[in-house]
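A short worksheet on the structure shown next.
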Amino acid sequence: MTKSDAKGRVLIVDDDAMIRKALARELGPEFEVVQSSDYAEAVTCLAERSDICAVVCDCNLGSGPNGIELMKQIRQRAPGLPRITVSGNVSEELGRELIATGVAHVVIAKPWSNGAILDAVKQHLLGSRAERPTRVEPVRACPRVEATLPARILCEIWGHAVELQTKDISIGGAFIQTGSPPPLHSSLELSLRGPDGSSVRVEGRVAHIVSPERAGVDGRPFGFGVEFVRLTPQQAQMVQTIIDTASRPEIPKQVKAQNKSVTADVARVVKRLDPAATPKRRPNEDDVLQRLGGELASLKEKDCFGVLGLDSNADAPQTRAAFLRVSKEYHPDLYARYADREIRAVATEVFIILKQSYSKLSDQVSIERYKNSMGKPAGSVGRAESEPPLASAAPVASMHAPRVSSPSSLDADDLFADVEQTEHGHQPVLVAPLVSEALNHIAHGRHGEAIDLFKQALDIEPGNTKAKIWLLVAEARRLKVSGKIEECVARYKEILGLDDKHIEAVQEVRAFHEEGRRSRGIFSRILTATGGGH
Amino acid sequence: MGKIVGIDLGTTNSCVAVVEGDHVTVIHNQRGNRILPSVVAFTNEDCLVGESAKRQAVTNPTRTVHGIKRLMGRKADSERLVELKKTSPYQIVAAANGDAWIRIDNKEYGPQEISALILKEMKDYAQDYLGEEVTEAIVTVPAYFDDSQRQATRAAGKIAGLDVKKILNEPTAAALGYGAHKDKKNQVLAVFDLGGGTFDITILRFEDGVFEVLATNGDTFLGGDDFDQGLVRYLVKDFMDRHGTDLTKDPCALQRLRDACETAKKELSNAPVAAINLPFVSVGPAGPLHLQHDGLSRELFDQLTAPLVERLEIPCRTAMEDAHTKPEQIDQVLLVGGMTRVPAVQRKAEAIFGKKPSKGVNPDEIVAVGAATQGAIITGELSEVVLLDVTPHSLGIRVVEDEMSIVIPKNTTIPTSERKVFATTRDDQDFVNIEVYQGESKLVSQNTHLGRFTLGGLPRKPVGQVYVDVVFTIDADGVVHVTAKEMQSGKEASVTVSPSSGLTTRQLEEITQKHRPVVVREAGIHAP
């Protein structure tokens, strides 16, 4: 092992030389440091070197794309690489959003306390080195016990302890049931309480996630798998105790009773038939699952033609033949033979993508329509999942019941309303799905895509105030993340012009006025220290 | 993995088949019959299934259950069960959640459990025939069965100790059993399936190894039993006029009459006239009464059942419309189900589709044969063939009072998934209810309620500012799943599902446990 392997290499990105020096000083004793001063340099550096083990990056990188953009790029290409954001003008909300959307693993505000950055790098580094990104394999090879045990999870991302439940547990880890798992590879602390009252606190890392969509298909619980890390012998023993008490088998009373009623004239052997118990997944099932998972991931990146394995010159007979061909390969029935039902669930997701893509290309008219839309920005292309199936012509028959147009005023007792119907009455089909999808992008922090879609919606219907407000919200959030605070606040003020009770706008404008006062203080501090300016 | 058998769990009769090598074998039971009557009876000593149960029905009418399929997935107060409640000799009661259950000897049984007894019987004789354990099966259901009915069928399989690999629609199974994939010619098929309790019409295209269902429709309350009932009503009235006695008050007499009418109906498919003779059917003031009717003509039968035959037309027309197919574009019409032997029914099918239906299809066994073939597709013994089925009913949710908002329209190819975004309608609303329904009516009260999903833990914000993203999925078996998350935080709100019908997990476990065979044959020794 060479000396450079012994120390990890960290990339520091900041346009301020003084800050870079300070970071290098802090990380230097334990890591090799590589410095870049802007987005372009950082990207070049990452492209040329394969030995970077963590990135520490400022939000603001002078002109050009900012630190957030850089983080997003890194996330796409190397999702396991620890990303630490350092920034002087990041609010607590923004920080949470960056973490919640997975853009950064840690957000640290300037000025940072001594050693905070070093700690952050070290903690997240250990997590990623343990990961094997090339294989999707079950983390725990040890026998699992089905047990619903109370589990108290303390995870940095969440900020506070959360009480959840396990689905199963082994000496290697546990599966926790929840609809909102922390991001993959997050570190956490887990307190488990066994059925006999004993409890143990261990450290863990999120090893895999089962999303609600996947779970929805198969009816299994959603949640995340935790891999226990750095178990001390005492902790291991306590975990084992919990496993043992949780799995103690009970002899069912009925079996005992039925044994007694067995007639004596035939000698019989008592054996429990339990066809529903799933046998352990056999080795070739792992391969199948991995192949399907890979296929699913790659399909999500492709456009409708690509999904069917065609180029955009394909005509209707070709798309039909392609659809029939992929149906014979990916229909979930073909995967029902496997003991592990997750295989069938993944195949179902794959098949749904194939089907949705084909429904956009099922006849010449649809193909033309789709090709026209392909020129538009990324958000509108592809299997806009929130778009309801358009009434496509034969052979894939899907006739709609007529859309119900409801009155715009609602009964006070309603607990529920359909966005499309309350706001738009009898809108043409196109607007509503765009808005839904755009909202989805906003929820995931993809402001760029959301903005494109809201603009499209406004093209179709310029008077749609709701879409206009949301467009401004998306723009404002994006501006905030890139540090353009003045423009951000200007957007919020515009929103207030349209709706003076808009909560987010009111809060942001108010916070700006207060923060403005505060941050000016920090700027002045740094200004005097560096002699330069942001 | 062992063999996957195909089971046609019918209202009146059931059948099990398995693929052996390059052909499909319909398995016969110890009596040598390939069809098992779907009848379960409880006697003082025992529980009987099949032929033996049917034979003693006359002497034990209140404890003999036939046609249990009609109760699967249904509510006790369903208007469809009104007629059944009046005429069935066994008692139909409501379970705690309103599901239709039956009461026998002061014990209550769910339809899943009774159906499981029939499935178990078939499992047993299939095992005897194959000489190996059978734990996996394909079970068929009418194409028009809704989610509750399918879940109930799944539950029955589990109770019987079978891992149901797929719930398969009967007409699709029939198309597969017909063997369209064997001559490899592309064609459009119409499967006209009139069985003991249900009517299904499915239009499919077979192309390049793929059976693609274009549309399906039907009536889950129209079947052979109703045709029998037509005759029964006529004869009861006739008897009343002649002797002043109401036979419906006497369960034994009614059962005898019902059996006789079923036999007469079958005879009338071949002969122009049938006779019914029931001596000592009842007692009057002057002594014993006999029911004798020598001249039951086919014309009379056709007259009595004409309204039922008429009801066959509309589902067919609707299915063809939904499939964008005209009668002349249909290459073959397959008749499935015993009732398609009735001449009036055959004439109707011919009139609707403008062509003579295909012969050479065994209407009683073809569904089981198709199910077995699907088993072979799953095990991989048969390759390059796949079934693309559809969901027969529109899936939607309740919005605004009584309105149905459709999320997945009927005849959408499954599996399928759809997502919709909803907003709150009250300030500080921190939970939302999603009520899921299946059906075509614009009013939810006239559709089937599948269940309620409650999403809690939403952030409290003014009206219209909290958005919930809901994903509806229908899997390859036609079963519905719903998940949701609150959009702005991306977090999932807590989801509690209250399905509107079916067994709870605990009930299912308990009943399965009750029926779990404790005993298995010792190697080489078979129970007598």
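The values are calculated or read from the model by the stated rules, or taken from the named source; none is laboratory data. In this text, all values refer to a predicted model and were calculated from it rather than measured experimentally. Backbone-built Cβ (ideal geometry, glycine too); neighbour counts: all protein chains shown.
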Filter result (acidic (D, E) and in contact (Cβ under 8 Å) with a residue 24 or more places away in the chain) within the range B:382-402: B:E384, B:D389, B:D402
In the range B:468-490, which residues are more than 16 Å from A:E437 (Cα to Cα), more than 8 Å from every other protein chain (Cβ to nearest Cβ) and of a type outside the set (A, V, I, L, M, F, W, C)? B:D477, B:G478
Do we have any residue at all in the range B:364-371 that's within 14 Å of chain A (Cβ to nearest Cβ), of a type in the set (G, A, S) and either touching a residue at least 40 places away in the same chain (Cβ under 8 Å) or surrounded by 24 or more Cβ atoms within 10 Å (Cβ to Cβ) (or both)? yes
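Each row is one residue, and each column tells you yes or no for (1) touching a helix residue (DSSP H, G or I) at 6+ places or on another chain (Cβ under 7 Å); (2) at pLDDT 90 or above; (3) closer than 16 Å to B:L388 by Cα.
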{"site": "B:P171", "(1), (2), (3)": "no, yes, yes"}
{"site": "B:K185", "(1), (2), (3)": "no, no, no"}
{"site": "B:T245", "(1), (2), (3)": "yes, no, no"}
{"site": "B:Q255", "(1), (2), (3)": "yes, no, no"}
Kindly list, by first and then second residue, each pair from a residue in the range B:313-335 that is free of Cβ contacts under 8 Å to residues at least 12 places away in the same chain and more than 10 Å from chain A (Cβ to nearest Cβ) to a residue that is among the aliphatic types (A, V, I, L, M) and surrounded by 15 or more Cβ atoms within 10 Å (Cβ to Cβ), limited to pairs with Cβ atoms under 9 Å and residues at least 6 apart or on different chains. B:K326/B:M320
I'd like to check something: does the range B:250-258 contain any residue that is closer than 25 Å to B:K85 by Cα, among the small types (G, A, S) and surrounded by 19 or more Cβ atoms within 10 Å (Cβ to Cβ)? yes
For the range B:440-483, give me each residue that is touching a residue at least 40 places away in the same chain (Cβ under 8 Å) and in a helix (DSSP H, G or I). B:V444, B:S445
Check B:S282 against each of (1) in contact (Cβ under 8 Å) with a residue 60 or more places away in the chain; (2) buried (at least 19 other Cβ atoms within 10 Å of the Cβ); (3) touching a strand residue (DSSP E or B) at 6+ places or on another chain (Cβ under 8 Å) and name the one condition it does not meet. (1)
Of the conditions (1) under 20 Å from B:N217 (Cα atoms); (2) more than 8 Å from chain A (Cβ to nearest Cβ), B:L458 fails just one. Which one is it? (1)
What is the residue count in the range B:145-154 for residues that are under 18 Å from B:D8 (Cβ atoms) and within 14 Å of chain A (Cβ to nearest Cβ)? 2
With the requirement that a residue be away from chain A (no Cβ under 11 Å) and on the phi < 0 side of the Ramachandran plot, what does the range B:207-219 give you? B:N217, B:D219
In the range A:19-44, anything part of a helix (DSSP H, G or I), at pLDDT 85 or above and among the hydrophobic types (A, V, I, L, M, F, W, C) is listed as A:I19, A:A22, A:L23, A:A24, A:L27, A:A42
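Table: residues versus (1) surrounded by 21 or more Cβ atoms within 10 Å (Cβ to Cβ); (2) more than 27 Å from the chain's Cα centre (by Cα).
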position	(1), (2)
A:K21	no, yes
A:C53	no, no
A:R83	yes, no
A:N89	no, no
A:S113	no, yes
A:I117	yes, no
Answer from B:Q374, B:Q446, B:Q465 - the residue that is more than 30 Å from B:L334 (Cα to Cα) and either modelled with pLDDT of 90 or more or within 9 Å of another protein chain (Cβ to nearest Cβ) (or both): B:Q465
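This table checks each residue for (1) surrounded by fewer than 21 Cβ atoms within 10 Å (Cβ to Cβ); (2) modelled with pLDDT under 80; (3) not polar (S, T, N, Q).
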residue: A:I171; (1), (2), (3): yes, no, yes
residue: A:Q177; (1), (2), (3): yes, no, no
residue: A:G197; (1), (2), (3): yes, yes, yes
residue: A:G204; (1), (2), (3): no, no, yes
residue: A:E213; (1), (2), (3): yes, yes, yes
residue: A:V229; (1), (2), (3): yes, no, yes
residue: A:P252; (1), (2), (3): yes, yes, yes
residue: A:S261; (1), (2), (3): yes, yes, no
In the range B:209-229, how many are of a type outside the set (A, V, I, L, M, F, W, C), over 20 Å from the mean Cα position of the chain (by Cα) and crowded, with 19+ Cβ neighbours inside 10 Å? 1
Does the range B:285-318 hold any residues that are at pLDDT below 90, surrounded by fewer than 18 Cβ atoms within 10 Å (Cβ to Cβ) and out of contact with any Phe, Trp or Tyr (no Cβ under 6 Å at 6 or more places or on another chain), and which are they? B:P285, B:A286, B:G287, B:H290, B:Q292, B:D294, B:G295
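Condition check ((1) within 20 Å of the chain's Cα centre (by Cα); (2) among the small types (G, A, S); (3) under 30 Å from A:N284 (Cα atoms)) across all residues:
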position: B:A17; (1), (2), (3): yes, yes, yes
position: B:T25; (1), (2), (3): no, no, no
position: B:G32; (1), (2), (3): no, yes, no
position: B:D46; (1), (2), (3): no, no, no
For the range B:184-193, check the following and say yes or no: at least one residue is within 10 Å of another protein chain (Cβ to nearest Cβ) and either of a type outside the set (F, W, Y) or without any contact (Cβ under 8 Å) to a residue 40 or more places away in the chain (or both). yes
Residue ID - farthest from the other protein chains (Cβ to nearest Cβ), chosen from residues in the range B:386-404 that are more than 26 Å from the chain's Cα centre (by Cα) and crowded, with 23+ Cβ neighbours inside 10 Å: B:R398
Report whether or not A:A297 is of a type in the set (A, V, I, L, M, F, W, C), closer than 30 Å to B:V385 by Cβ and modelled with pLDDT under 80. no
Before we move on, is B:D163 of a type in the set (D, E, K, R) and over 21 Å from A:A339 (Cα atoms)? no
Kindly provide the set of residues from the range B:388-410 that are part of a loop (DSSP other than H, G, I, E, B) and hydroxyl-bearing (S, T, Y), ordered by number. B:T391, B:S394
Return the residues of the range B:411-425 that are facing chain A (nearest Cβ under 7 Å), part of a loop (DSSP other than H, G, I, E, B) and over 26 Å from the mean Cα position of the chain (by Cα); say none if nothing qualifies. B:T425
Failed item, numbered, when B:V236 is tested on (1) assigned to a helix (DSSP H, G or I); (2) in contact with a strand residue (DSSP E or B) (Cβ under 9 Å, 6 or more places away or on another chain); (3) among the β-branched types (V, I, T): (2)
